[in-house]
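Beneath this line is the structure, given in C-alpha coordinates, with notes to follow.
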Amino acid sequence: MKKILPHICLDMAVIFIVLWVLDRFNGAMQFLSRDVFKIPFLIFLVLVIVESVMLIARQRRKKDR
Amino acid sequence: MDAMEEKEIPQKRKHRKKRMSVGKMVVLDLLAIIVGLNVFALFHHVLDYWDIHLGTTAPVPVVLATLPPEPTAEAAPVETPQQAEPTPETDAEPSPEPTPTRVYSGMWGEKFADKFTEGEVIQTENSYQSANVNITLERIEEPGLVYFVADVYISDLQYFGTAFATGEGNGEYNVGTEVQIDEIARRVNAIVAINGDHYKLHNGIVIRNGLLYSETPYEDVCALYTDGTLETYTKDELDLEALKSAAPWQVWSFGPGLLDAEGHAKTFYDSQSNVLSINPKNPRCAIGYYEPGHYCLVKVEGNRWGKFIGSYGMTFSELAAMFEARGCVRAYAFDGGRSAAMSWMGEFLSTNYDRGSFDIVYIADTPVVANTPKSAESEG
(Lines give C-alpha, C1' and ligand atoms only; values in the text may rest on other atoms or scores of the structure.)
Protein backbone atom coordinates (compact mmCIF):
# COMPACT_ATOMS: atom_id res chain seq x y z
CA MET A 1 0.00 0.00 0.00
CA LYS A 2 2.78 2.35 1.03
CA LYS A 3 4.49 1.78 -2.33
CA ILE A 4 1.54 1.62 -4.68
CA LEU A 5 -0.57 4.50 -3.34
CA PRO A 6 1.72 7.33 -4.53
CA HIS A 7 1.76 5.80 -8.00
CA ILE A 8 -2.02 5.56 -8.09
CA CYS A 9 -2.29 9.19 -7.02
CA LEU A 10 0.29 10.24 -9.61
CA ASP A 11 -1.36 8.29 -12.43
CA MET A 12 -4.82 9.56 -11.59
CA ALA A 13 -3.55 13.13 -11.40
CA VAL A 14 -2.05 12.80 -14.90
CA ILE A 15 -5.29 11.29 -16.20
CA PHE A 16 -7.29 14.21 -14.81
CA ILE A 17 -4.87 16.73 -16.31
CA VAL A 18 -5.32 15.03 -19.71
CA LEU A 19 -9.10 15.22 -19.30
CA TRP A 20 -8.88 18.85 -18.28
CA VAL A 21 -6.89 19.66 -21.42
CA LEU A 22 -9.38 17.73 -23.58
CA ASP A 23 -12.22 19.60 -21.91
CA ARG A 24 -10.59 22.91 -22.81
CA PHE A 25 -10.55 21.86 -26.46
CA ASN A 26 -14.03 20.44 -26.62
CA GLY A 27 -16.27 21.35 -23.71
CA ALA A 28 -19.26 19.83 -25.47
CA MET A 29 -17.94 16.37 -24.68
CA GLN A 30 -18.44 17.12 -20.98
CA PHE A 31 -15.35 15.29 -19.80
CA LEU A 32 -15.43 17.04 -16.43
CA SER A 33 -19.11 17.24 -15.71
CA ARG A 34 -20.48 13.75 -16.10
CA ASP A 35 -20.72 11.24 -13.27
CA VAL A 36 -18.12 9.12 -14.98
CA PHE A 37 -15.62 11.85 -14.10
CA LYS A 38 -17.01 12.81 -10.72
CA ILE A 39 -16.80 9.35 -9.17
CA PRO A 40 -13.12 8.63 -9.97
CA PHE A 41 -12.33 12.22 -9.03
CA LEU A 42 -13.86 11.65 -5.60
CA ILE A 43 -11.85 8.43 -5.25
CA PHE A 44 -8.73 10.35 -6.24
CA LEU A 45 -9.37 13.01 -3.59
CA VAL A 46 -9.84 10.38 -0.89
CA LEU A 47 -6.64 8.59 -1.97
CA VAL A 48 -4.71 11.86 -1.90
CA ILE A 49 -5.93 12.49 1.63
CA VAL A 50 -4.98 8.95 2.72
CA GLU A 51 -1.58 9.23 1.06
CA SER A 52 -0.96 12.63 2.61
CA VAL A 53 -1.87 11.41 6.09
CA MET A 54 0.39 8.36 5.67
CA LEU A 55 3.24 10.54 4.42
CA ILE A 56 2.89 12.96 7.30
CA ALA A 57 2.83 10.06 9.78
CA ARG A 58 5.94 8.55 8.19
CA GLN A 59 7.76 11.86 8.33
CA ARG A 60 6.85 12.29 12.00
CA ARG A 61 8.06 8.78 12.77
CA LYS A 62 11.35 9.51 11.03
CA LYS A 63 11.76 12.68 13.02
CA ASP A 64 11.03 10.81 16.26
CA ARG A 65 13.82 8.35 15.49
CA MET B 1 32.51 -2.73 13.87
CA ASP B 2 34.10 -3.64 10.53
CA ALA B 3 32.42 -7.02 10.54
CA MET B 4 29.04 -5.44 11.17
CA GLU B 5 29.53 -2.98 8.30
CA GLU B 6 30.47 -5.86 6.02
CA LYS B 7 27.24 -7.59 6.97
CA GLU B 8 25.16 -4.42 6.34
CA ILE B 9 26.61 -3.71 2.91
CA PRO B 10 25.39 -6.91 1.21
CA GLN B 11 21.98 -6.39 2.81
CA LYS B 12 21.80 -2.86 1.36
CA ARG B 13 22.92 -4.19 -2.02
CA LYS B 14 20.26 -6.86 -1.83
CA HIS B 15 17.72 -4.19 -0.94
CA ARG B 16 18.83 -2.04 -3.89
CA LYS B 17 18.53 -4.99 -6.24
CA LYS B 18 14.92 -5.41 -5.25
CA ARG B 19 14.17 -1.78 -6.14
CA MET B 20 12.68 -1.17 -9.53
CA SER B 21 14.66 0.99 -11.90
CA VAL B 22 13.34 4.52 -12.51
CA GLY B 23 12.85 3.82 -16.22
CA LYS B 24 10.78 0.72 -15.56
CA MET B 25 8.76 2.60 -12.97
CA VAL B 26 8.03 5.44 -15.42
CA VAL B 27 7.02 2.96 -18.13
CA LEU B 28 4.69 1.17 -15.74
CA ASP B 29 3.18 4.47 -14.64
CA LEU B 30 2.66 5.49 -18.25
CA LEU B 31 1.01 2.16 -18.95
CA ALA B 32 -1.23 2.65 -15.94
CA ILE B 33 -2.17 6.13 -17.21
CA ILE B 34 -2.98 4.76 -20.65
CA VAL B 35 -5.07 1.98 -19.15
CA GLY B 36 -6.79 4.51 -16.89
CA LEU B 37 -7.64 6.80 -19.82
CA ASN B 38 -9.00 3.87 -21.77
CA VAL B 39 -11.13 2.75 -18.87
CA PHE B 40 -12.43 6.32 -18.59
CA ALA B 41 -13.16 6.35 -22.32
CA LEU B 42 -14.98 3.05 -22.00
CA PHE B 43 -17.27 4.49 -19.34
CA HIS B 44 -17.54 7.97 -20.88
CA HIS B 45 -18.01 6.99 -24.50
CA VAL B 46 -19.59 3.58 -24.30
CA LEU B 47 -21.13 2.50 -21.01
CA ASP B 48 -22.11 5.96 -19.76
CA TYR B 49 -23.40 6.74 -23.23
CA TRP B 50 -25.60 3.68 -23.14
CA ASP B 51 -26.78 4.43 -19.65
CA ILE B 52 -27.55 8.09 -20.19
CA HIS B 53 -28.67 8.07 -23.76
CA LEU B 54 -30.23 4.72 -24.36
CA GLY B 55 -31.58 3.72 -21.00
CA THR B 56 -32.91 6.94 -19.55
CA THR B 57 -36.62 7.40 -19.52
CA ALA B 58 -37.72 10.67 -20.99
CA PRO B 59 -39.11 13.31 -18.64
CA VAL B 60 -42.71 14.32 -19.07
CA PRO B 61 -42.69 17.23 -21.49
CA VAL B 62 -44.60 20.41 -20.77
CA VAL B 63 -46.72 22.02 -23.44
CA LEU B 64 -45.41 25.54 -23.95
CA ALA B 65 -46.85 26.46 -27.31
CA THR B 66 -49.44 25.30 -29.77
CA LEU B 67 -49.97 26.66 -33.25
CA PRO B 68 -53.29 28.21 -34.22
CA PRO B 69 -55.28 25.90 -36.49
CA GLU B 70 -54.37 26.55 -40.09
CA PRO B 71 -57.15 27.49 -42.48
CA THR B 72 -56.82 24.57 -44.81
CA ALA B 73 -57.41 24.78 -48.51
CA GLU B 74 -60.48 22.53 -48.12
CA ALA B 75 -62.05 24.58 -45.35
CA ALA B 76 -61.27 28.00 -46.75
CA PRO B 77 -63.63 28.09 -49.76
CA VAL B 78 -66.55 28.12 -47.32
CA GLU B 79 -65.16 31.28 -45.78
CA THR B 80 -64.19 33.12 -48.96
CA PRO B 81 -67.69 33.72 -50.34
CA GLN B 82 -68.69 35.29 -47.00
CA GLN B 83 -65.72 37.62 -47.19
CA ALA B 84 -66.47 38.48 -50.81
CA GLU B 85 -70.19 39.27 -50.34
CA PRO B 86 -70.02 42.57 -48.40
CA THR B 87 -67.83 44.27 -51.01
CA PRO B 88 -70.07 46.54 -53.08
CA GLU B 89 -67.69 46.64 -56.06
CA THR B 90 -68.29 43.02 -56.97
CA ASP B 91 -72.08 43.57 -56.93
CA ALA B 92 -71.84 46.71 -59.02
CA GLU B 93 -69.74 45.17 -61.74
CA PRO B 94 -70.73 41.55 -62.16
CA SER B 95 -68.24 39.82 -64.36
CA PRO B 96 -69.56 37.23 -66.81
CA GLU B 97 -66.94 34.68 -65.70
CA PRO B 98 -66.20 35.18 -62.01
CA THR B 99 -62.62 34.23 -61.26
CA PRO B 100 -62.37 32.04 -58.18
CA THR B 101 -60.85 33.81 -55.18
CA ARG B 102 -57.44 32.44 -54.41
CA VAL B 103 -57.23 30.67 -51.11
CA TYR B 104 -54.11 31.37 -49.18
CA SER B 105 -52.67 28.79 -46.88
CA GLY B 106 -51.51 29.64 -43.38
CA MET B 107 -50.20 32.78 -41.72
CA TRP B 108 -47.93 33.87 -44.55
CA GLY B 109 -49.67 32.36 -47.55
CA GLU B 110 -50.87 35.74 -48.73
CA LYS B 111 -47.69 37.58 -47.81
CA PHE B 112 -45.59 35.30 -49.99
CA ALA B 113 -48.36 34.55 -52.48
CA ASP B 114 -46.01 34.65 -55.45
CA LYS B 115 -43.89 31.93 -53.84
CA PHE B 116 -46.67 29.39 -53.48
CA THR B 117 -48.82 27.58 -55.96
CA GLU B 118 -52.60 27.37 -55.78
CA GLY B 119 -52.47 23.72 -54.91
CA GLU B 120 -50.33 21.92 -57.41
CA VAL B 121 -46.84 20.69 -56.59
CA ILE B 122 -43.99 21.75 -58.84
CA GLN B 123 -40.89 19.76 -58.16
CA THR B 124 -37.51 19.87 -59.85
CA GLU B 125 -34.12 18.45 -59.01
CA ASN B 126 -33.36 21.38 -56.72
CA SER B 127 -36.68 23.01 -55.93
CA TYR B 128 -40.07 22.23 -54.45
CA GLN B 129 -43.08 24.48 -54.68
CA SER B 130 -46.59 23.91 -53.37
CA ALA B 131 -49.40 25.85 -51.73
CA ASN B 132 -47.58 25.55 -48.40
CA VAL B 133 -43.84 25.64 -49.01
CA ASN B 134 -41.33 26.94 -51.47
CA ILE B 135 -37.82 25.59 -51.20
CA THR B 136 -34.91 26.25 -53.51
CA LEU B 137 -31.70 24.36 -52.99
CA GLU B 138 -28.46 25.94 -54.16
CA ARG B 139 -25.09 24.25 -54.33
CA ILE B 140 -22.49 26.99 -54.11
CA GLU B 141 -18.88 26.41 -55.05
CA GLU B 142 -16.07 28.79 -54.24
CA PRO B 143 -12.33 28.11 -54.24
CA GLY B 144 -11.81 25.48 -51.55
CA LEU B 145 -15.40 25.67 -50.42
CA VAL B 146 -18.67 23.94 -51.17
CA TYR B 147 -21.91 24.63 -49.37
CA PHE B 148 -25.62 24.08 -49.77
CA VAL B 149 -28.27 26.69 -49.06
CA ALA B 150 -31.94 25.77 -48.92
CA ASP B 151 -33.95 28.97 -49.22
CA VAL B 152 -37.26 28.29 -47.50
CA TYR B 153 -40.60 30.05 -47.61
CA ILE B 154 -43.40 28.52 -45.58
CA SER B 155 -47.01 29.56 -45.46
CA ASP B 156 -47.33 28.47 -41.86
CA LEU B 157 -45.10 27.37 -39.00
CA GLN B 158 -46.77 23.97 -39.13
CA TYR B 159 -44.43 23.10 -41.97
CA PHE B 160 -41.34 23.85 -39.90
CA GLY B 161 -40.67 20.89 -37.67
CA THR B 162 -38.09 19.13 -35.61
CA ALA B 163 -37.78 15.43 -34.99
CA PHE B 164 -35.85 13.19 -32.64
CA ALA B 165 -33.81 10.33 -33.97
CA THR B 166 -35.76 7.36 -32.66
CA GLY B 167 -39.44 6.55 -32.49
CA GLU B 168 -42.44 7.13 -34.67
CA GLY B 169 -43.41 10.45 -36.21
CA ASN B 170 -41.29 13.16 -34.69
CA GLY B 171 -39.63 10.62 -32.44
CA GLU B 172 -39.13 10.30 -28.73
CA TYR B 173 -36.97 12.52 -26.59
CA ASN B 174 -33.89 10.94 -25.02
CA VAL B 175 -34.57 7.53 -26.47
CA GLY B 176 -32.23 5.66 -28.76
CA THR B 177 -29.02 6.76 -30.34
CA GLU B 178 -27.96 8.68 -33.44
CA VAL B 179 -29.73 7.82 -36.67
CA GLN B 180 -28.71 8.77 -40.20
CA ILE B 181 -30.38 12.01 -41.20
CA ASP B 182 -31.88 10.67 -44.42
CA GLU B 183 -33.63 7.92 -42.45
CA ILE B 184 -35.21 10.42 -40.05
CA ALA B 185 -36.06 12.74 -42.94
CA ARG B 186 -37.90 9.97 -44.78
CA ARG B 187 -39.79 9.05 -41.61
CA VAL B 188 -41.22 12.58 -41.26
CA ASN B 189 -41.61 13.21 -45.01
CA ALA B 190 -39.13 16.07 -44.88
CA ILE B 191 -38.35 17.87 -48.10
CA VAL B 192 -35.18 19.32 -46.68
CA ALA B 193 -33.57 18.57 -43.32
CA ILE B 194 -30.39 19.41 -41.46
CA ASN B 195 -29.08 18.08 -38.18
CA GLY B 196 -30.05 19.95 -35.01
CA ASP B 197 -28.14 20.74 -31.85
CA HIS B 198 -27.21 17.15 -30.95
CA TYR B 199 -29.27 17.72 -27.80
CA LYS B 200 -28.37 14.45 -26.10
CA LEU B 201 -24.80 15.51 -25.71
CA HIS B 202 -25.72 18.37 -23.42
CA ASN B 203 -29.47 18.27 -22.68
CA GLY B 204 -29.58 22.05 -22.53
CA ILE B 205 -32.83 23.89 -23.14
CA VAL B 206 -34.77 21.56 -25.38
CA ILE B 207 -38.13 22.76 -26.72
CA ARG B 208 -39.40 20.97 -29.80
CA ASN B 209 -42.66 21.50 -31.64
CA GLY B 210 -43.99 23.43 -28.65
CA LEU B 211 -43.03 20.91 -25.95
CA LEU B 212 -40.49 21.64 -23.25
CA TYR B 213 -38.28 18.64 -22.48
CA SER B 214 -35.28 20.13 -20.72
CA GLU B 215 -34.45 23.57 -19.37
CA THR B 216 -30.83 23.54 -18.28
CA PRO B 217 -29.09 26.43 -20.03
CA TYR B 218 -26.25 25.37 -22.27
CA GLU B 219 -24.27 27.74 -24.49
CA ASP B 220 -26.08 30.01 -26.98
CA VAL B 221 -29.80 29.54 -27.44
CA CYS B 222 -31.93 29.94 -30.54
CA ALA B 223 -35.69 30.33 -30.25
CA LEU B 224 -38.25 30.15 -33.03
CA TYR B 225 -41.48 31.67 -31.76
CA THR B 226 -45.01 30.86 -32.84
CA ASP B 227 -45.24 34.14 -34.74
CA GLY B 228 -42.36 32.95 -36.92
CA THR B 229 -39.69 35.23 -35.50
CA LEU B 230 -36.34 33.72 -34.68
CA GLU B 231 -34.07 35.11 -31.99
CA THR B 232 -30.68 34.10 -30.64
CA TYR B 233 -29.36 34.63 -27.13
CA THR B 234 -26.06 34.09 -25.43
CA LYS B 235 -26.19 32.04 -22.25
CA ASP B 236 -25.74 35.24 -20.21
CA GLU B 237 -28.43 37.17 -22.07
CA LEU B 238 -31.02 34.45 -21.72
CA ASP B 239 -33.98 34.96 -19.40
CA LEU B 240 -35.34 31.44 -19.18
CA GLU B 241 -38.69 32.39 -17.67
CA ALA B 242 -39.27 35.08 -20.28
CA LEU B 243 -38.35 32.61 -22.99
CA LYS B 244 -40.79 30.02 -21.69
CA SER B 245 -43.61 32.50 -21.26
CA ALA B 246 -43.14 33.74 -24.85
CA ALA B 247 -44.33 30.33 -26.09
CA PRO B 248 -41.47 29.28 -28.35
CA TRP B 249 -42.20 26.66 -30.99
CA GLN B 250 -38.60 25.46 -31.14
CA VAL B 251 -35.57 26.11 -28.93
CA TRP B 252 -32.07 24.83 -29.57
CA SER B 253 -28.98 24.98 -27.38
CA PHE B 254 -25.71 25.02 -29.23
CA GLY B 255 -24.65 27.95 -31.34
CA PRO B 256 -23.13 30.33 -31.48
CA GLY B 257 -25.60 32.94 -32.61
CA LEU B 258 -23.82 34.41 -35.61
CA LEU B 259 -25.38 37.83 -36.16
CA ASP B 260 -25.85 40.72 -33.76
CA ALA B 261 -29.04 42.69 -33.11
CA GLU B 262 -28.47 44.75 -36.27
CA GLY B 263 -27.93 41.66 -38.39
CA HIS B 264 -24.18 42.15 -38.72
CA ALA B 265 -21.69 39.33 -38.35
CA LYS B 266 -20.50 39.03 -34.77
CA THR B 267 -16.79 39.44 -34.22
CA PHE B 268 -16.74 37.71 -30.86
CA TYR B 269 -18.63 34.66 -29.74
CA ASP B 270 -19.46 33.87 -26.17
CA SER B 271 -19.40 30.29 -25.13
CA GLN B 272 -17.22 27.44 -26.22
CA SER B 273 -17.31 28.58 -29.82
CA ASN B 274 -14.09 30.52 -29.30
CA VAL B 275 -12.29 27.33 -28.46
CA LEU B 276 -9.55 26.66 -30.97
CA SER B 277 -10.64 23.17 -31.90
CA ILE B 278 -14.16 24.28 -32.82
CA ASN B 279 -13.58 27.62 -34.50
CA PRO B 280 -11.31 26.69 -37.45
CA LYS B 281 -12.69 25.83 -40.86
CA ASN B 282 -15.11 23.01 -40.32
CA PRO B 283 -18.21 21.41 -41.77
CA ARG B 284 -21.15 23.49 -40.52
CA CYS B 285 -24.90 23.37 -40.28
CA ALA B 286 -26.82 26.52 -39.55
CA ILE B 287 -30.13 28.32 -39.90
CA GLY B 288 -30.68 31.84 -41.16
CA TYR B 289 -33.73 34.02 -40.62
CA TYR B 290 -34.93 36.80 -42.91
CA GLU B 291 -38.46 37.45 -41.66
CA PRO B 292 -41.37 35.37 -40.35
CA GLY B 293 -42.00 32.65 -42.89
CA HIS B 294 -38.68 33.04 -44.68
CA TYR B 295 -35.62 31.10 -43.53
CA CYS B 296 -32.62 29.31 -44.95
CA LEU B 297 -30.96 26.07 -43.95
CA VAL B 298 -27.25 25.82 -44.66
CA LYS B 299 -24.83 22.94 -44.80
CA VAL B 300 -21.15 23.66 -45.33
CA GLU B 301 -18.98 20.84 -46.57
CA GLY B 302 -15.61 20.36 -44.93
CA ASN B 303 -12.68 18.09 -44.38
CA ARG B 304 -13.35 14.65 -43.12
CA TRP B 305 -10.82 13.50 -40.59
CA GLY B 306 -8.41 16.05 -42.04
CA LYS B 307 -8.81 14.67 -45.55
CA PHE B 308 -9.60 17.32 -48.16
CA ILE B 309 -12.80 16.51 -50.03
CA GLY B 310 -13.08 19.66 -52.12
CA SER B 311 -14.06 21.98 -49.31
CA TYR B 312 -12.22 23.15 -46.23
CA GLY B 313 -15.36 24.27 -44.45
CA MET B 314 -15.97 27.62 -42.80
CA THR B 315 -15.00 29.36 -39.61
CA PHE B 316 -17.83 30.93 -37.61
CA SER B 317 -16.77 34.36 -38.86
CA GLU B 318 -17.02 33.20 -42.48
CA LEU B 319 -20.35 31.54 -41.80
CA ALA B 320 -21.65 34.72 -40.15
CA ALA B 321 -20.40 36.86 -43.06
CA MET B 322 -22.17 34.57 -45.52
CA PHE B 323 -25.49 34.95 -43.66
CA GLU B 324 -25.05 38.71 -43.46
CA ALA B 325 -24.32 38.87 -47.19
CA ARG B 326 -27.50 36.90 -47.91
CA GLY B 327 -29.53 39.44 -45.97
CA CYS B 328 -30.40 37.37 -42.93
CA VAL B 329 -31.08 39.27 -39.72
CA ARG B 330 -30.40 36.34 -37.41
CA ALA B 331 -28.39 33.17 -37.87
CA TYR B 332 -27.45 30.32 -35.61
CA ALA B 333 -25.04 27.42 -35.91
CA PHE B 334 -26.17 23.91 -35.12
CA ASP B 335 -23.82 21.08 -34.37
CA GLY B 336 -21.08 20.98 -36.99
CA GLY B 337 -18.03 18.87 -37.68
CA ARG B 338 -18.82 15.22 -38.11
CA SER B 339 -22.45 15.85 -37.13
CA ALA B 340 -23.13 18.31 -39.94
CA ALA B 341 -25.53 16.73 -42.41
CA MET B 342 -28.28 17.64 -44.81
CA SER B 343 -30.89 15.65 -46.65
CA TRP B 344 -32.91 16.65 -49.69
CA MET B 345 -36.05 14.76 -50.63
CA GLY B 346 -35.14 12.04 -48.17
CA GLU B 347 -31.73 11.47 -49.69
CA PHE B 348 -28.46 12.17 -47.98
CA LEU B 349 -26.84 15.20 -49.57
CA SER B 350 -23.49 15.97 -47.96
CA THR B 351 -20.30 14.12 -48.62
CA ASN B 352 -18.58 14.32 -45.26
CA TYR B 353 -21.24 12.73 -43.15
CA ASP B 354 -20.16 10.00 -40.82
CA ARG B 355 -22.08 10.50 -37.61
CA GLY B 356 -25.79 10.11 -37.14
CA SER B 357 -28.06 12.80 -35.78
CA PHE B 358 -29.92 12.87 -32.47
CA ASP B 359 -32.34 15.40 -33.88
CA ILE B 360 -33.14 17.17 -37.11
CA VAL B 361 -34.67 20.44 -38.26
CA TYR B 362 -36.89 19.96 -41.27
CA ILE B 363 -39.37 21.46 -43.66
CA ALA B 364 -42.27 19.32 -44.85
CA ASP B 365 -45.31 19.86 -47.02
CA THR B 366 -47.54 18.27 -44.41
CA PRO B 367 -48.30 19.87 -41.05
CA VAL B 368 -46.03 18.87 -38.21
CA VAL B 369 -47.81 16.57 -35.82
CA ALA B 370 -46.60 17.70 -32.43
CA ASN B 371 -45.93 15.02 -29.84
CA THR B 372 -48.51 14.84 -27.10
CA PRO B 373 -47.32 14.39 -23.53
CA LYS B 374 -48.58 10.97 -22.52
CA SER B 375 -49.03 11.73 -18.85
CA ALA B 376 -50.87 14.96 -19.62
CA GLU B 377 -53.25 12.95 -21.72
CA SER B 378 -53.95 10.51 -18.94
CA GLU B 379 -54.27 13.29 -16.36
CA GLY B 380 -56.48 15.44 -18.50
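If a residue must be under 20 Å from B:Arg355 (Cα atoms) and of a type outside the set (Val, Ile, Thr), how many such residues does region B:145-187 contain?
19
One line per residue, one yes/no per condition, for (1) outside any strand (DSSP E or B); (2) in contact with a strand residue (DSSP E or B) (Cβ under 7 Å, 6 or more places away or on another chain):
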residue	(1), (2)
B:Phe148	no, yes
B:Val152	no, yes
B:Gln158	yes, no
B:Ala163	no, yes
B:Asn170	yes, yes
B:Gly176	yes, no
B:Ile194	no, yes
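Which is in a helix (DSSP H, G or I) and under 27 Å from B:His264 (Cβ atoms), of B:Leu243, B:Leu224, B:Leu238?
B:Leu243
Sort out which residues of region B:283-339 are part of a helix (DSSP H, G or I), in contact (Cβ under 8 Å) with a residue 60 or more places away in the chain and surrounded by fewer than 20 Cβ atoms within 10 Å (Cβ to Cβ), and write them in order of number.
Matches in region B:283-339: B:Arg326 only.
Condition (residue is of a type outside the set (Asp, Glu), at pLDDT 55 or above and farther than 15 Å from A:Ile8 by Cβ) applied to region B:30-38: is it met by at least one residue?
Yes, region B:30-38 contains a residue that is of a type outside the set (Asp, Glu), at pLDDT 55 or above and farther than 15 Å from A:Ile8 by Cβ.
Just give me the residues in region A:15-41 being more than 9 Å from chain B (Cβ to nearest Cβ) and in contact with a helix residue (DSSP H, G or I) (Cβ under 6 Å, 6 or more places away or on another chain), in sequence order.
A:Leu32
Please verify whether B:Leu258 is within 14 Å of chain A (Cβ to nearest Cβ) and either at pLDDT below 95 or in contact with a helix residue (DSSP H, G or I) (Cβ under 8 Å, 6 or more places away or on another chain) (or both), treating the condition exactly as stated.
Spelling it out, it is not the case that B:Leu258 is within 14 Å of chain A (Cβ to nearest Cβ) and either at pLDDT below 95 or in contact with a helix residue (DSSP H, G or I) (Cβ under 8 Å, 6 or more places away or on another chain) (or both).
Looking at B:Asn174, B:Asn189, which is the one that is at positive phi, modelled with pLDDT under 90 and either in the same structural domain as B:Ala333 (by TED's automatic domain parsing) or not acidic (Asp, Glu) (or both)?
B:Asn174
I want to confirm something. Restricting to region B:358-379 and keeping residues that are modelled with pLDDT of 90 or more and buried (at least 23 other Cβ atoms within 10 Å of the Cβ), which single residue is nearest to B:Val121 (Cα to Cα)?
B:Ile363
Please tell me if B:Ala163 is among the small types (Gly, Ala, Ser), away from chain A (no Cβ under 14 Å) and in contact with a Leu (Cβ under 9 Å, 6 or more places away or on another chain).
Here the answer is no, as B:Ala163 does not meet what is asked.
Considering only residues that are crowded, with 22+ Cβ neighbours inside 10 Å and among the hydroxyl-bearing types (Ser, Thr, Tyr), which ones fall in region B:168-201?
Selection gives B:Tyr173, B:Tyr199.
Could you list all residues from region B:183-192 that are in contact (Cβ under 8 Å) with a residue 12 or more places away in the chain, in a helix (DSSP H, G or I) and not basic (Lys, Arg)?
B:Ile184, B:Ala185
Quick test of your reading of the structure: B:Glu142 fulfils all but one of (1) more than 22 Å from B:Glu291 (Cβ to Cβ); (2) more than 16 Å from the chain's Cα centre (by Cα); (3) surrounded by 14 or more Cβ atoms within 10 Å (Cβ to Cβ). Name the failing condition by number.
The number of the failed condition is (3).
The values are calculated or read from the model by the stated rules, or taken from the named source; none is laboratory data. Everything quoted here is computed from the prediction, not taken from an experiment. As a convention, Cβ positions derive from the backbone with ideal geometry for all residues, glycine included, and neighbour counts pool all protein chains shown.
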